[in-house]
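Presented below is the structure to which this report refers.
FYI, it's all coordinate maths here, none of it is from the lab. Please read all numbers here as calculations on a predicted model, not as lab measurements. Note: ideal-geometry Cβ built from the backbone for every residue, glycine included; neighbour counts use all protein chains shown.
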Amino acid sequence: MKDRPMRLNPEVLTKLPASIRRPAYDRNRVTTGIVHLGIGAFHRAHQAAYTEQVLASGDLRWGILGASLRSPDTRDALHPQRGLYTLNVRSGAGDDLAIIGAIKDVIVAPESPAALIEAMARADVKIVTLTVTEKGYCHDPATGALNESHPDIVHDLAHPTEPRSAVGFLVEALARRRARGVKPFTIVCCDNLPSNGKTVRRVVTRFAQLRDKALGDFVGNEVKFPSTMVDRIVPATTDEDRDLIAQALGVTDAWPVMTEPFTQWVIEDDFGDARPAWEHYGAEMVKDVEPFEHMKLRLLNGSHSTLAYLGYLSGYQTVAEAMNDAALAHLISDLMEFESAPTLHMPPGTDVAAYRASLLARFRNPALKHRTWQIAMDGSQKLPQRLLGTARDRLAKGEAIERIALGVAAWMRYVTGVDEQGQPIDVRDPLAARFKEIVAAAGGDTDRLAKGLFGIESIFGTDLPANPAFTGPVLAALKMLYANGAKATIAAMPKA
Ligand code: CS2
């Protein structure tokens, strides 16, 4: 029988190869100052990595209690490792490994909602950070308002002490703190939503109001919701990655995280109580995050989604592969330069040309196997802030939107669930069932397909479907995609 390889855990830290950084602070003395909802790979490559440096500086108040709102997978991987995991920063020129110790524990919310609420209610917890993805806020992406008929919201209003949604957990924990005279925590959204602090404030305050008017006033008046811009590319971990890490460590890590060298965190300096000095370790504390957010959502994420749909349809598995297609790379560069960037008020001191160039280089990083399929997920929640806001701004000025229209058309083609070879596409989206109905009703007619999809108000609102300057180019691009395929359509796009 093969020996079972040893698992990463605190006892093996001293035996790891010398080149691998590891916690040098006393993890037993770390207290929990942050609860994080949605403990996926992104959090572990981003906020936890900044917080690790704060702990390493000797400020031990900021250990993280992570919570999964759905699956037990992260907890199952990290428990035997006492929260330790490897962060591998891949530049293409080499790997840089560090063991992160900032996660003290992981709770699986559906298994014990009461335990999570009580943990969030503790006075030592000053901050709740969130990465629950766009759909996790149960809001309407087109308006930013709470979707009051969302099944989780309906459930959480009926059963406030056993919530399912992040919003339900936040409000119940805040209600208990209020009842006990404990200052509220600050809520730090780290998802790619537009004006993320304001959006989450709106949603959480509305939910609290629906529970109880006084609680709504308390949340609206007393709780801080700083906006943030978060940026780091973090592809889903694969078994190949696990093997690579096991070889480097000499022990197995059930869930290492792979990322790129680039990292950025811009935070509105508006906290209700103590916070970690993240700015000593690269975070930027600013008065107004919006210019940073718009720049990142429209340039990086807008390009990412366009690359994901066009890349997938062209047969490319990863972003780096898609960027190797010269015509597609050119299109993305032109999309940023001529359509997205001109709509931005750039953050002070930012050189937009350098920013665009750095994005193209990051997308080309050959060591990151970032799947187009992964980025293609949840398009219904992403398109509004990534592409449609840009389209609206341009249309208001009578400007052309050819490249944005092609991105939107590629999304339409993608959500039909059948690729150019007639093979099924695994479309993951909260609106997947609605897409199926629309596709079936269209019966192969492209005009009807486009009309059906334009009719989804939570994505397109009511203005865009009524504007032929928007629907015309999208429909034309969709017809081209059907007639000639993605590669030929991209190649035919006029170069600026
Ligand atoms: C990506 C983002 O999956 C996606 O939709 O566009 O996760 C992207 O990698 C990050 O926002 C980069 O900061």
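Computed from phi, the 3J(HN,Hα) profile of the stretch 201-209 under the Karplus parametrisation 6.51, -1.76, 1.60 (θ = phi - 60°) reads 4, 4, 5, 5, 5, 4, 4, 4, 4 Hz, with x in place of Gly and Pro.
Overall shape: oblate for the stretch 324-432, with the ratio a/c of the largest to smallest alpha carbon gyration tensor axis at 1.5 or above and b/c at least equal to a/b. Within the stretch 24-152, antiparallel bridges make up roughly 35 percent of the DSSP beta bridges whose residues both belong there.
Qualifying trypsin sites (Lys or Arg not before Pro) in the stretch 264-328, where qualification requires a DSSP coil assignment and no more than 15 other C-beta atoms within 10 Å, comprise LYS287. What shape does the stretch 290-492 take by its C-alpha gyration tensor, where a ≥ b ≥ c are the square roots of the eigenvalues and a/c under 1.5 counts as rounded, a/b above b/c as prolate, and the rest as oblate? Note, shape of the stretch 290-492 comes out oblate. Normalised radius of gyration (Cα atoms, divided by 2.2 N^0.38 Å) for the stretch 121-241: 1.09.
Sequence neighbours fewer than 8 away in the same chain don't count; with that in mind, list the aspartates and glutamates whose C-alpha is under 15 Å from LYS436. Leaving aside aspartates and glutamates fewer than 8 places away in the same chain, those within reach of LYS436 are ASP378, ASP419, ASP426, ASP445.
Put the Cα centre of the stretch 259-292 next to the Cα centre of the stretch 424-445 and the gap is 39 Å. Beta bridges from DSSP with both residues in the chain: antiparallel share about 35 percent, rounded to the nearest 5. Partners of LYS198 within straight-line reach, counting aspartates and glutamates whose Cα lies under 17 Å from its Cα and excluding those fewer than 8 residues away in the same chain: GLU134, ASP140, ASP217, GLU222, GLU268, ASP269, ASP270, ASP288, GLU290, GLU293. When restricted to Cα atoms, the stretch 1-99 yields an Rg and a Dmax of 14.4, 46 Å, respectively. The alpha carbon convex hull volume per residue for the chain rounds to 158 Å³. Taking the alpha-carbon distance from LYS495 and a cut-off under 30 Å, which lysines remain once sequence neighbours fewer than 8 residues away in the same chain are dropped? Here the lysines satisfying the reach criterion relative to LYS495 are LYS296, LYS369, LYS382, LYS397, LYS451, LYS479, LYS487.
Projection of the Cα convex hull of the stretch 10-286, averaged over all directions and equal to a quarter of that hull's surface, yields 14.2 nm².
Backbone amide hydrogens, once placed in the peptide plane, bring MET285 within less than 5 Å of ILE267, excluding anything fewer than 5 places away on its chain. Each residue of the stretch 159-164 is assigned a 3J(HN,Hα), and the resulting list reads 10, x, 8, 10, x, 10 Hz, derived from the Karplus form 6.51 cos²θ - 1.76 cosθ + 1.60 (θ = phi - 60°), x at Gly and Pro. Scalar couplings 3J(HN,Hα) for the stretch 108-124, obtained by applying the Karplus form with A = 6.51, B = -1.76, C = 1.60 to θ = phi - 60°, are 9, 4, x, 6, 8, x, 5, 5, 5, 4, 5, 4, 6, 7, 5, 5, 5 Hz; x denotes Gly and Pro.
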